[in-house]
Amino acid sequence: MRIATWNVNSINARLETVLRWFREAVPDVACLQEIKCVDEKFPKEAFESLGYNVAVYGQKTYNGVAILSKHPLEDLRRDLPGGEEGEQARYLEAVVSGPRPVRVGCLYLPNGNPVGTEKFAYKLAWMGRLDAHARDLLTYEEPLVLTGDFNVIPEQTDADDPATWAGDALFQPESRGAFRALKWLGFTEAFTASGGAPNSYTFWDYQAGAWQRNHGIRIDHALLSPQAADLLAGCDIHRHVRGWDKPSDHVPLVVELAL
């Protein structure tokens, strides 16, 4: 089973690009972030025509997440526990009823900039809620994949030029520490566990020729429970998609589980 994550940066603005990738990669499950539309405006029919079941948690103009699956989706959950319901559409969870059920959490973690404001405090609080929910999910002892745009640069080698990110919320000690603490609950990071090379990126800004100069960062991740990690068969970044017409500033990350 191939499970993908991709921050598409507006599903309707980039629909043809997204559909092109779906036809090329044919993921079994895809977690999309920053869809930037309410549920009713998500182009479900376009994906249903490709054989996908669609679950959406949208928000007007900002945020929004979706899970698309070739298999039925069950036990849907919108939002993390402990927050105000509907405050920001950033988390969607479902059980994918494939050859072996896999629980998938699709997340769009807050950016948190600028540092020292309520936005950074909200980012850290949201990460705390994610940590608490992840602890509960791990008690199920089932294959679990938490994946999405974490808006965290874990290590120096995950940025082409770390110094330029020194003051950014994505690279603060608190953000990176919270990400490490989440992993230390018992998760395996799919890309690094699959031998992913340093200086492999999932995001390039639209400004200053970042893509052309390869000034990227790795902020899209997939964390696997022990039961999912036992099934890990590979993890790839589909870097070439950033060079297509009308691209997102992120590219897909695809995890393969041997189910």
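The values are calculated or read from the model by the stated rules, or taken from the named source; none is laboratory data. Bear in mind the structure is a predicted one, so any value in this text is a computation, not a measurement. Please note: Cβ atoms are built from the backbone with ideal geometry, for glycine as well, and neighbour counts cover all protein chains shown. We work out accessible area using only protein heavy atoms, side chains counted, and drop any ligands, DNA or RNA first. Shrake-Rupley method; radii C 1.70, N 1.55, O 1.52, S 1.80 Å.
Annotations for the structure displayed:
- Its Cα centre serving as origin, the chain has a Cβ charge dipole (Lys and Arg +1, Asp and Glu -1) of approximately 320 debye.
- Carbon and sulfur %, accessible surface of segment 218-259 computed with the full protein complex present, 1.4 Å: 43 percent
- On segment 167-212, 53 percent of the accessible area sits on carbon and sulfur atoms, based on a 1.4 Å probe.
- Highest to lowest packing among 37-49, 119-131, scored as the average C-beta count within 10 Å: 119-131, 37-49
- Whole-number Å³ per residue for the convex hull built on Cα positions in segment 13-90: 88 Å³
- Our estimate of slack between Ala46 and Arg213, defined as 0.36 nm per intervening residue step minus the Cα-Cα distance, is 56.7 nm.
- Placing unit charges on each Cβ (+1 for Lys and Arg, -1 for Asp and Glu) gives segment 183-259 a dipole about its Cα centre, and among Ala208, Ala233, Ala190 the Cα reaching farthest toward its positive end belongs to Ala208.
- Over 20 Å [Cα-Cα, segment 164-248], rounded percent: 45 percent
- Selected from Gly216, Gly105, Gly177 as most flexible by GNM, with the chain as the system and alpha-carbon contacts under 10 Å: Gly177
- Kirkwood estimate for segment 73-131, i.e. one over the average of 1/r between Cα atoms, Å: 12.7 Å
- Left without a cysteine partner by the 4.7 Å Cβ rule in the chain: Cys37, Cys235.
- Ellipsoid fit via the Cα gyration tensor, the chain: semi-axes of 24, 22, 19 Å, each the root of five times an eigenvalue, largest first.
- Solvent-accessible heavy-atom area per residue, rounded to whole Å², over the chain at 1.4 Å: 42 Å²
- Segment 1-126 - percent of accessible surface contributed by carbon and sulfur, probe 1.4 Å: 47 percent
- Whole-number Å³ per residue for the convex hull built on Cα positions in segment 110-259: 111 Å³
- With 0.36 nm allotted per residue and the present C-alpha distance subtracted, the Asn12-Arg176 stretch has 55.8 nm of extension available.
- Segment 1-110: relative contact order as a whole-number percent, Cα under 8 Å and 6+ apart: 22 percent
- Charging the Cβ of each Asp and Glu at -1 and of each Lys and Arg at +1, and nothing else, the dipole of segment 37-135 about its Cα centre rounds to 300 debye.
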